[in-house]
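Undergrad: Could you have a look at this structure, given as structure tokens, before my questions?
The values are calculated or read from the model by the stated rules, or taken from the named source; none is laboratory data. Remember, predicted model here, so these are calculated numbers, not experimental data. Because the Cβ atoms are built from the backbone with ideal geometry, glycine has one as well, and the counts that use them run over all protein chains shown. The protein model used for the area step is the full one, side chains on, heavy atoms only, and it has no ligands, DNA or RNA in it. Shrake-Rupley method; radii C 1.70, N 1.55, O 1.52, S 1.80 Å.
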Amino acid sequence: MALISCENVVLGYENKPIVENLTFCLEQGNYLCIVGENGSGKSTLIRTILRLQSPMSGYLTYGDGLRKNEIGYLPQQTAAQKDFPASVYEVVLSGCLNRSGLAPFYTAKQKKSARDNMELLGITHLQKRCYRELSGGQQQRVLLARALCASSKLILLDEPVAGLDPKVTADMYEIIKDLNRSGVTVIMVSHDIEAAIKYSTHILHVAHTPKFFGTTEDYLSSDAGIAFLKGGRKNG
Amino acid sequence: MAKIIFYFQNFPTIRYATLALLLISLCAALLGVTLVLKRFSMIGDGLSHVTFGAAAIATAMGLVTPIYVSLPITVLAAVLLLKIRSNTKIQGDAAIAMVSAGSLAFGYLIMNLFPGKSSSISGDACTNLFGQGILGINKQDVAICAILSALVLFIFIFFYNKIFAITFDESFSRATGTRAEVYNTLIAVITGVIIVVSMNMVGALLISALITFPALSAMRVFKTFRSVIICASVISIACAIIGVLVSLAVKTPVGSTIVVADVAAFGLFSLIGAILKRN
Ligand SMILES: Nc1ncnc2c1ncn2[C@@H]1O[C@H](COP(=O)(O)OP(=O)(O)OP(=O)(O)O)[C@@H](O)[C@H]1O
Ligand SMILES: [Mg+2]
């Protein structure tokens, strides 16, 4: 059975449809890249998959006994306000919360996982700093570490490399690929079409009426893929 | 000084009342950090007015312990205000302003229509709005207050990590399987409880000061959640102690004395914050 299946879904806000007739399904272990223009509804799709908002119509179902607390998430923007007092370590550790159940404190194992993920993203030296006083790219890494702490089956990343320098970007893709190799399903929104093609197994090209869903290989020879790649290569 | 020691030695009520005040202040400060960061401080303010209205109803009904009526009403109002706030179609702050002023007016009206046994309506209203002197607090109030605030304290410590997570980033918590609505409701409920139990001592109008000042003071200087929580608690307890001592020494109403101490602490911490920033 598919991990996530989406059937004739309409996404939108307050009766205003953004994406219509969206159908795709994803198996455990897939690596899906969602591409599309600004404002085409990629973040809306991510939020809908996470059930932060509901689809206007259609069916969105989880299979394989996927539970919410096995999901990690990197939002495109956080609502956390200016001068929120929180250290990097506190933020990363909060990613481990979803497997705590009712237990009031974090276990040594959870603390270790937080430290390991900070190490992985090279933010260990920042752990005592105030999250809000970091640079944009540093904040992004903190949120990535938090997402890694939360994900055991599925991770959804909304533009994970936005604001990262080239070295960290490359590391980031490797980290995500490693995670994927270990069995975690990845759904990533990205404008970096080259990397999307290099790493993903499937591509979803979102537009008002979705242009493509299928394997990355097929995308390269599809009309939508050829047109989008041409644009991407010309600009970048 | 001798007079204060005499009071503490000879009036057990004063000892209990002081203990209860310390507990209330501690709880208010802990909750305050979350409420301020979640932009919920106005809910606290609105709720305190609801409590005033509810207490008036209870008194009109002739209840000796108004808390049996005001507690459920306030907790219900807390949950409703939270619902209104998360519903984007109704303006949250306007709703709170409506509820606040409405319940104040309603409460005062009820007090005037059904004066009950009490001799002075304005005296009663004043007590409920601004709290009474520490000597006027009765033993039963103190007991209820101590039990409920101990409960709040326990809940806060038990759910500390969850409260942090939903305060920092509610949609992440929601998306990754933390039941944010449950914890939001829990926060609203315990805010209601703290406001109800402190009305008698601190006064309905002054409670929101106990909630917001320590948190804001701590945030001037500290930058991590844990340190802000600890610092706010320490400030709040210190101010409560100072307030009790001063009010015993010069016979001022204890609620406003504590609040003035909190205001002074805020000034001090703002200054420290400014100095730290410059260096
Ligand atoms: N909260 C909202 N209420 C109403 N409309 C919204 C809301 N958020 C987004 N939209 C609209 O939905 C559309 C899709 O937005 P979305 O954020 O999903 O785009 P995106 O594909 O993620 O774009 P980007 O590449 O810029 O991140 C946009 O036209 C936007 O104006
Ligand atoms: Mg987006």
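Undergrad: What are the residues in the stretch B:218-234 that are within 16 Å of the chain's Cα centre (by Cα) and either open to solvent by less than 10 Å² (accessible area, probe 1.4 Å) or aromatic (Phe, Trp, Tyr) (or both), if any?
TA: Within the stretch B:218-234, B:Ala232 is the sole residue that qualifies.
Undergrad: Right, next: Taking only the stretch A:74-90 into account, find how many residues are open to solvent by less than 10 Å² (accessible area, probe 1.4 Å) and within 16 Å of ligand 2 (Cβ to nearest atom).
TA: Qualifying residue count for the region: 2.
Undergrad: In addition: Scan the stretch A:63-76 for residues that are more than 8 Å from ligand 1 (Cβ to nearest atom) and under 12 Å from the mean Cα position of the chain (by Cα) and jot them down.
TA: We begin by selecting, within the stretch A:63-76, every residue more than 8 Å from ligand 1 (Cβ to nearest atom); these are A:63-75.
Scanning the stretch A:63-76 gives A:Ile71, A:Gly72, A:Tyr73, A:Leu74, A:Pro75.
Undergrad: Take the residues of the stretch A:141-163 that are within 16 Å of ligand 2 (Cβ to nearest atom) and free of Cβ contacts under 8 Å to residues at least 40 places away in the same chain: which is farthest from B:Thr176 (Cα to Cα)?
TA: Checked the stretch A:141-163; the qualifying residue farthest from B:Thr176 (Cα to Cα) is A:Gly163.
Undergrad: Moving on to the next point. Only one residue in A:Gln139, A:Gln127, A:Gln81, A:Gln76 is of a type in the set (S, T, N, Q), at pLDDT below 90 and more than 15 Å from B:Ala165 (Cα to Cα). Which one? Steps first, answer last, please.
TA: Details: A:Gln139 fails: at pLDDT below 90; A:Gln127 fails: at pLDDT below 90; A:Gln81 fails: more than 15 Å from B:Ala165 (Cα to Cα).
Checking each option against the conditions leaves just A:Gln76.
Undergrad: Let me ask something additional. Within the stretch B:128-166, how many residues turn out to be farther than 23 Å from B:Val196 by Cβ and crowded, with 23+ Cβ neighbours inside 10 Å?
TA: Summing the residues that are farther than 23 Å from B:Val196 by Cβ and crowded, with 23+ Cβ neighbours inside 10 Å in the stretch B:128-166 gives 3.
Undergrad: Spot the failing condition for A:Lys68; the list is (1) free of Cβ contacts under 8 Å to residues at least 40 places away in the same chain; (2) in contact with a helix residue (DSSP H, G or I) (Cβ under 7 Å, 6 or more places away or on another chain), and only one is missed.
TA: Of everything listed in (1) free of Cβ contacts under 8 Å to residues at least 40 places away in the same chain; (2) in contact with a helix residue (DSSP H, G or I) (Cβ under 7 Å, 6 or more places away or on another chain), A:Lys68 misses just condition (2).
Undergrad: Could you go through the stretch B:16-38 and let me know if any residue there is out of contact with any strand residue (DSSP E or B) (no Cβ under 7 Å at 6 or more places or on another chain), assigned to a helix (DSSP H, G or I) and modelled with pLDDT under 85. Give the derivation first.
TA: Kept after step one, since they are out of contact with any strand residue (DSSP E or B) (no Cβ under 7 Å at 6 or more places or on another chain), are these residues of the stretch B:16-38: B:16-38.
Now narrow it down to the ones that are assigned to a helix (DSSP H, G or I): B:16-37.
If we keep only those that are modelled with pLDDT under 85 too, we end up with B:16-17.
So far as the stretch B:16-38 goes, yes, one or more of its residues are out of contact with any strand residue (DSSP E or B) (no Cβ under 7 Å at 6 or more places or on another chain), assigned to a helix (DSSP H, G or I) and modelled with pLDDT under 85.
Undergrad: Take the residues of the stretch B:246-257 that are in a helix (DSSP H, G or I) and within 20 Å of the chain's Cα centre (by Cα): which is modelled with the highest pLDDT?
TA: Selected residue: B:Thr257.
Undergrad: Next question. With respect to B:Ile144, determine if the residue is in a helix (DSSP H, G or I), in contact with a Phe, Trp or Tyr (Cβ under 8 Å, 6 or more places away or on another chain) and more than 7 Å from every other protein chain (Cβ to nearest Cβ). Walk me through it before giving the result.
TA: Working: in a helix (DSSP H, G or I): yes; in contact with a Phe, Trp or Tyr (Cβ under 8 Å, 6 or more places away or on another chain): no; more than 7 Å from every other protein chain (Cβ to nearest Cβ): yes.
Answer is no for this residue.
A quick yes/no check of all residues on (1) touching a Leu at 6+ places or on another chain (Cβ under 9 Å); (2) outside the structural domain of A:Ile193 (by TED's automatic domain parsing); (3) free of Cβ contacts under 8 Å to residues at least 40 places away in the same chain:
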site: A:Ile4; (1), (2), (3): yes, yes, no
site: A:Val9; (1), (2), (3): yes, yes, no
site: A:Thr23; (1), (2), (3): no, yes, no
site: A:Ile34; (1), (2), (3): yes, no, no
site: A:Ser40; (1), (2), (3): no, no, no
site: A:Ser43; (1), (2), (3): no, no, no
site: A:Lys112; (1), (2), (3): no, yes, yes
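Undergrad: For a quick check of your reading of the model, give me the residue pairs whose first member lies in the stretch B:149-178 and is more than 15 Å from A:Phe105 (Cβ to Cβ) and within 7 Å of chain A (Cβ to nearest Cβ), whose second is part of a helix (DSSP H, G or I) and open to solvent by 30 Å² or more (accessible area, probe 1.4 Å), with beta-carbon atoms closer than 6 Å and at least 6 apart or on different chains.
TA: B:Gly177/A:Lys68; B:Gly177/A:Asn69
Undergrad: With the requirement that a residue be open to solvent by 20 Å² or more (accessible area, probe 1.4 Å) and within 16 Å of ligand 2 (Cβ to nearest atom), what does the stretch A:1-38 give you?
TA: Of everything in the stretch A:1-38, those that are open to solvent by 20 Å² or more (accessible area, probe 1.4 Å) and within 16 Å of ligand 2 (Cβ to nearest atom) turn out to be A:Tyr13, A:Ile18, A:Glu37, A:Asn38.
Undergrad: Out of A:Leu93, A:Leu45, A:Leu60, A:Leu120, report the one residue that is open to solvent by less than 10 Å² (accessible area, probe 1.4 Å) and either under 14 Å from the mean Cα position of the chain (by Cα) or away from ligand 2 (no atom under 16 Å from the Cβ) (or both).
TA: Details: A:Leu93 fails: open to solvent by less than 10 Å² (accessible area, probe 1.4 Å); A:Leu60 fails: open to solvent by less than 10 Å² (accessible area, probe 1.4 Å); A:Leu120 fails: open to solvent by less than 10 Å² (accessible area, probe 1.4 Å).
The conditions single out A:Leu45.
Undergrad: Of the residues that make up the stretch A:123-136, is at least one touching a strand residue (DSSP E or B) at 6+ places or on another chain (Cβ under 8 Å), within 25 Å of A:Ile46 (Cβ to Cβ) and within 8 Å of chain B (Cβ to nearest Cβ)? It would help to see each step written out before you state the result.
TA: To start, the set of residues in the stretch A:123-136 that are touching a strand residue (DSSP E or B) at 6+ places or on another chain (Cβ under 8 Å) comprises A:127-131.
When the remaining residues are screened for being within 25 Å of A:Ile46 (Cβ to Cβ), the result is A:131.
Next, from what is left, pick out any that are within 8 Å of chain B (Cβ to nearest Cβ): none.
Checked against the condition, which is being touching a strand residue (DSSP E or B) at 6+ places or on another chain (Cβ under 8 Å), within 25 Å of A:Ile46 (Cβ to Cβ) and within 8 Å of chain B (Cβ to nearest Cβ), the stretch A:123-136 yields no hits at all.
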